1. Which residues, taken from segment 9-30, are surrounded by fewer than 20 Cβ atoms within 10 Å (Cβ to Cβ), within 14 Å of the ligand (Cβ to nearest atom) and closer than 22 Å to Arg118 by Cα?
2. Any residue that is open to solvent by less than 40 Å² (accessible area, probe 1.4 Å), near the ligand (Cβ under 9 Å from one of its atoms) and at pLDDT 95 or above - is there at least one of those in segment 48-68?
3. Which of the residues that make up segment 69-90 are within 16 Å of the ligand (Cβ to nearest atom) and surrounded by 22 or more Cβ atoms within 10 Å (Cβ to Cβ)?
4. Across segment 111-132, what is the number of residues that are out of contact with any helix residue (DSSP H, G or I) (no Cβ under 6 Å at 6 or more places or on another chain), buried (at least 16 other Cβ atoms within 10 Å of the Cβ) and not in a loop (DSSP other than H, G, I, E, B)?
5. Give me the residue from segment 91-103 that is in a loop (DSSP other than H, G, I, E, B) and closer than 25 Å to Glu45 by Cβ and, out of that set, nearest to the ligand (Cβ to nearest atom).
6. With respect to Ile33, determine if the residue is more than 30 Å from Gln104 (Cα to Cα) and within 9 Å of the ligand (Cβ to nearest atom).
7. I need every pair where a residue in segment 1-25 that is in contact (Cβ under 8 Å) with a residue 12 or more places away in the chain and part of a strand (DSSP E or B) has its Cβ under 8 Å from the Cβ of a residue that is of a type in the set (Asp, Glu) and surrounded by fewer than 17 Cβ atoms within 10 Å (Cβ to Cβ), sequence separation at least 6 or different chains.
8. Mind listing just one residue for me: the one in segment 36-47 that is assigned to a loop (DSSP other than H, G, I, E, B) and within 11 Å of the ligand (Cβ to nearest atom) and, of those, surrounded by the fewest Cβ atoms within 10 Å (Cβ to Cβ)?
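The values are calculated or read from the model by the stated rules, or taken from the named source; none is laboratory data. Computed from a prediction, not measured in an experiment: that's the story for all the values here. Cβ sites come from the backbone with ideal geometry, for glycine too, and all protein chains shown count toward neighbours. Just the protein is used for accessible areas: all its heavy atoms, side chains included, with ligands, DNA and RNA removed. Shrake-Rupley method; radii C 1.70, N 1.55, O 1.52, S 1.80 Å.
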Amino acid sequence: MSSIFTKIIKGDIPSYKVAESESHIAFLDINPIAEGHTLVVPKKEIDYVFDLPDDLFSETMSFAKKVAGAVDRALKPIRTGVVVDGREVPHAHIHLIPIYKNTQEVALRNKVKVSKSRMEEISAAIAKEVIL
Ligand code: AMP
């Protein structure tokens, strides 16, 4: 069975997309821990990030760097943090977490409420800043 991220990649379910290339996609996390929490996903469905072939792993990091730059320019956090977990969705992905305060905890259990209209606004703002 396809992962939920493959369904997003195929367009079978919607997402707040911020960037896409032939090999990667980035969209807002539907249950964010900060405004602008973004997931970077290689289109090839491989569960464990450290099982990615070296070249795909490097490309995923480069893609994440470009998207993080767009997050930084659009939302102006202090910086953007990176988390890799993968226990919920078995399709390799990188969490980009904008950090707005030095006291902000970067923990995936700390969900915040973001309205649909704000998610739309944020994804459009990040997408505008993406340079691939
Ligand atoms: P993990 O596998 O623990 O790294 O977490 C997977 C992340 O994917 C969680 O933060 C979820 O909120 C997020 N997620 C699950 N389904 C979707 C979806 N349909 N669209 C966007 N994000 C999702």
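1. Correct list: Gly11, Ile13, Pro14, Lys17, Ile30.
2. Residues of segment 48-68 open to solvent by less than 40 Å² (accessible area, probe 1.4 Å): 49, 52, 56, 60, 63-64, 67-68.
Next, only the ones that are near the ligand (Cβ under 9 Å from one of its atoms) stay: none.
For segment 48-68, residues open to solvent by less than 40 Å² (accessible area, probe 1.4 Å), near the ligand (Cβ under 9 Å from one of its atoms) and at pLDDT 95 or above: absent.
3. Applying the first criterion (within 16 Å of the ligand (Cβ to nearest atom)) to segment 69-90 yields 71, 80-90.
Listed by number, the residues that qualify are Val71, Thr80.
4. 4
5. Step one: of segment 91-103, the residues in a loop (DSSP other than H, G, I, E, B) are 91-93, 100-103.
From what is left, the residues that are closer than 25 Å to Glu45 by Cβ are 91-93.
Numbers: His91: 8, Ala92: 9, His93: 6 Å.
My answer is His93.
6. Working: more than 30 Å from Gln104 (Cα to Cα): no; within 9 Å of the ligand (Cβ to nearest atom): yes.
Considered against the rule, which asks whether it is more than 30 Å from Gln104 (Cα to Cα) and within 9 Å of the ligand (Cβ to nearest atom), Ile33 comes out as no.
7. Within 8 Å, the pairs are His24/Glu59.
8. First pass over segment 36-47, keeping only residues assigned to a loop (DSSP other than H, G, I, E, B): 36-37, 43-47.
Adding the requirement that they be within 11 Å of the ligand (Cβ to nearest atom) leaves 37, 47.
Details: His37: 25, Asp47: 12.
Selected residue: Asp47.
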